[in-house]
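Visitor: Structure provided below as structure tokens; questions to follow.
The values are calculated or read from the model by the stated rules, or taken from the named source; none is laboratory data. Being a predicted model, the structure only gives us computed values, none of them experimental. So basically every Cβ, Gly included, is an ideal-geometry build from the backbone, and we count neighbours across all protein chains shown. Quick note on the areas: whole protein, heavy atoms, side chains included, nothing else; ligands and nucleic acids left out. Shrake-Rupley method; radii C 1.70, N 1.55, O 1.52, S 1.80 Å.
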Amino acid sequence: MSESVPVRCPACRRERLYAVPAWPCACGAAVTPLLDGAAPPAVVLHRAWAEEWITLHCPRCVRPAQWPHPELGCPCGTVLRLSVTGTASVDTGGGDPGAAPATRPAPDSPRGRRPAHPLIIRTARDAVTATVLYLRALGFRDIRRADQRPTAGIGLAAPGLLAQVDPSVRPASLRDVECLWLTAMTESARCAYFSLAGYADDTPAADRLGVPLFALDLTGIPRPVNSAADALDTDGA
């Protein structure tokens, strides 16, 4: 169960409980941020992609990775960004401290493609984070916000790949997929589409373009919906 810590909102002066997240490293360990209880939360007034991510090292394999900067939305309407001092020590789950860790699929094996602990999707930001975790599990690195704004949703970019995350309640259309494909063509990159609401009836025509289509379910796991997505899910980066 996630630890909950009290956070006082500087706007309304009320205390709220924040559930500290635990993100999945590729080695299978949980990466849990350590919050700085002595530092007051910062009020988020303007959004910047670089400020929404924080680099933390896995407590087991010491691998660095970027994770969403912990934030809390107060019911008064204020968004608070919490200060982080490091990473909590790894939870071994009990047992013999000298015993070898349980065998886990290698990150580049077919059974290791999906994140070990998917992120439950509650917001559009969660949908983007779940997609980033999945792309990392596929082997893509240096994932960032795309330079060009897509027709719908949020664009992500990695070396050789453009991805579009559509967290809206409207099914993605054929035009949305075609626009992503055209943008990827101009940048000589592959592309993939991730939709939270699924796809419109005309979207299967996009199969001729070879664009991998994924449906994001609320458990945070992208589900391939066409053969191109099946191939990407199996082969990875």
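Visitor: Can you tell me which residue in the range 126-164 is nearest to Ala192 (Cα to Cα), limited to those that are open to solvent by 40 Å² or more (accessible area, probe 1.4 Å) and modelled with pLDDT of 85 or more?
Guide: Here the residue is Gly160.
Visitor: Among the residues of the range 175-192, write down those that are open to solvent by 30 Å² or more (accessible area, probe 1.4 Å) and either touching a helix residue (DSSP H, G or I) at 6+ places or on another chain (Cβ under 7 Å) or on the phi < 0 side of the Ramachandran plot (or both).
Guide: Passing the criteria: Arg175, Glu178, Cys179, Trp181, Leu182, Thr183, Met185, Thr186, Glu187, Arg190.
Visitor: On to the next question. Glu15 is checked against (1) in contact with a Pro (Cβ under 7 Å, 6 or more places away or on another chain); (2) under 20 Å from Thr129 (Cβ atoms); (3) among the charged types (D, E, K, R) and fails just one. What number does that condition carry?
Guide: Tallying (1) in contact with a Pro (Cβ under 7 Å, 6 or more places away or on another chain); (2) under 20 Å from Thr129 (Cβ atoms); (3) among the charged types (D, E, K, R), Glu15 fails exactly one: (2).
Visitor: So which residues in the range 203-228 are open to solvent by 50 Å² or more (accessible area, probe 1.4 Å) and assigned to a helix (DSSP H, G or I), if there are any at all?
Guide: Correct list: Pro204, Asp207, Arg208, Ser227.
Visitor: Please enumerate the residues belonging to the range 1-46 that are polar (S, T, N, Q) and out of contact with any Ser or Thr (no Cβ under 8 Å at 6 or more places or on another chain).
Guide: Correct list: Ser2, Ser4.
Visitor: Can I ask one more? Does Ala200 satisfy the condition of being in contact with a Ser or Thr (Cβ under 6 Å, 6 or more places away or on another chain) and either over 16 Å from Ala124 (Cβ atoms) or crowded, with 21+ Cβ neighbours inside 10 Å (or both)?
Guide: When the stated conditions are applied, Ala200 passes them.
Visitor: I would also like to ask the following. Under 9 Å between Cβ atoms, which residue pairs at least 6 apart in sequence (or on different chains) link something in the range 36-49 that is under 22 Å from Thr87 (Cα atoms) and modelled with pLDDT under 85 with a partner that is open to solvent by 70 Å² or more (accessible area, probe 1.4 Å) and among the charged types (D, E, K, R)?
Guide: Trp49/Arg144; Trp49/Arg145
Visitor: So, in the range 1-49, exactly how many residues are closer than 12 Å to Pro70 by Cα, assigned to a loop (DSSP other than H, G, I, E, B) and among the aliphatic types (A, V, I, L, M)?
Guide: 3
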